[in-house]
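The structure appears right after this line, and notes come after that.
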Amino acid sequence: MNVELLAPDHERLWSDLHDLARLSEPDSEGWTRRVFSEPYRAARHWVRSRMRDAGLEVSVDPAGNIVGRLPGRHGGAPLVTGSHTDTVQGGGRFDGIVGVLGGIEVARRLRETGTRLDHDLLVVDFLGEESNPYSGSCLGSQAATGVLTAENLDRVDAAGNRLGDVATAFGLDPDGMLTPTWATRPLHGYLELHIEQGPTLEQRGIGIGIVTAIVGIERFLATFVGRSDHAGTRRMDDRRDALVAAARTVLTVEREGCAAPGDAVATCGDLRVEPGAENVVPGRTRLAAEFRSEDQVWLSGVRRRIVEEIARESAENGVEVLIDWTVDNPVVPTNPSVQNLTSAAADELGLSWMAMPSGAGHDAAHLAARCPAGMIFVPSRDGRSHCPEEWTDSDQIATGVHLLAAGLARMDQEATVDNDFGPTGEETGSLLTGTTAER
Ligand code: HGY
Ligand code: MN
Ligand code: MN
């Protein structure tokens, strides 16, 4: 198969990206399309119509994911690509979107060049990949792979809305979300195109990242309970200040992250103060924090260490603390065969590439539990993401889409993608063990 032919139509891809970007909360900074919101409903309608225009058979699976199918010669276990079109609050135009539009463009190019894959190709817009109060993140890929539970459906958001009810109001079937469509159905393989959301590729002047692992994420919500008091009459040695206790935890979390091995990170992203008045000693605070690393040992250890530290510090301030761990995603290595097939395709296209971990979470982490899965990164300008400044150049996206097509084509040709031996019977080592093949 001459994969040069599968090069994407730059203008069409770029025009799609900017058409979709129009569907955002009108008065938000940057681009905001939160799961279950009206802009998100409009975006899913737009995605379905673009999939149909591309000649795909479009459906919404029981988990709520939009699935575009391009029939293959022999059918069987499908090849899957895709990503997400929901955004964070005040986010950008590329995170997730590049993978969904890239998958649609690959399908168009296969049809326009008369290239028939052996396997069906499914292009998926996964429901709600971004962080949510119900299941942590990745609602649609969790549901499709059997991770979402009835308990998740009963969780409520800050306004007290229950996931099951919100999904029903959005037109989805909560019972369907508990039917793990892809937990039993065999999948031939999964390859996702995504922006790096970090600075490495740009700093190294490399056009492609081949992801070796997706970091594990531990996330907690800590509630500090002290005592509200008059700020003018309560002596400093007689306070139970819930904000001071939370502030000490913020510094403890930061210390953990700075002392951690490798690329591990630790972040406190949200702090709520009650009653939140300048003349009242805060009686209650709520702090959201998370830890990420590709080192599972460190990640598991930090959970134990930080609980003891927070309890000790809070007690010194006469404050009680309740910690609820809301996300406990393990480190997920990508499939070595998929890494090697994708890097071979990058070599064939003469692309510069490097092996690298993903510091962001992705739907691929859940697909990896169900089939040989991998990811391709394209650069992010200044490493910025989850903000209006998020940007990737048109030609960088086109290069990523071209590699996505070539990587999927190679996976399609493999009898089983999990094949550990190449045509000569040599063991195809993983990029995990090889040197970073920067070209
Ligand atoms: O938070 C993440 O890593 C992803 O962008 N949802
Ligand atoms: Mn994403
Ligand atoms: Mn994101």
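The values are calculated or read from the model by the stated rules, or taken from the named source; none is laboratory data. Keep in mind that what you see is a predicted model, and the values were worked out from it rather than measured. When we count neighbours, we look across all protein chains shown, and the Cβ atoms used for this are built from the backbone with ideal geometry, even at glycine. When the accessible area is computed, the model is the full protein with side chains, heavy atoms only, and any ligands, DNA or RNA have been set aside. Shrake-Rupley method; radii C 1.70, N 1.55, O 1.52, S 1.80 Å.
Here is how the numbers come out for the structure above:
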read-out	value
Ratio of Rg to Rh over the chain (Cα coordinates, Kirkwood Rh, two decimals)	1.01
Sorted peptide list for 98-111, 44-57, criterion being average Cβ within 10 angstrom, highest first	98-111, 44-57
Computed lengthening from residue 53 to residue 258, 0.36 nm per intervening residue step minus Cα-Cα distance	68.9 nm
Among beta bridges that DSSP assigns inside the chain, antiparallel share in %, nearest 5	70 percent
Carbon and sulfur %, accessible surface of the chain computed with the full protein complex present, 1.4 Å	50 percent
Residue-normalised accessible area of the chain, expressed per residue, 1.4 Å probe, Å²	41 Å²
C-alpha center-to-center spacing [segment 87-129, segment 350-376] in angstrom	15 Å
Whole-Å distance, taken between Cα centres, linking segment 196-238 and segment 256-274	4 Å
Residue-averaged [θ]222 nm for the chain, counting only DSSP H segments that reach four residues, each worth -39500 (n - 2.57)	-10500 deg cm²/dmol
Kyte-Doolittle mean at least 0.0, axial Cα span of 20 Å or more - DSSP H helices of the chain	97-112, 242-259, 394-413
Largest-first principal axis extents, alpha carbons of segment 216-329, Å	49, 21, 20
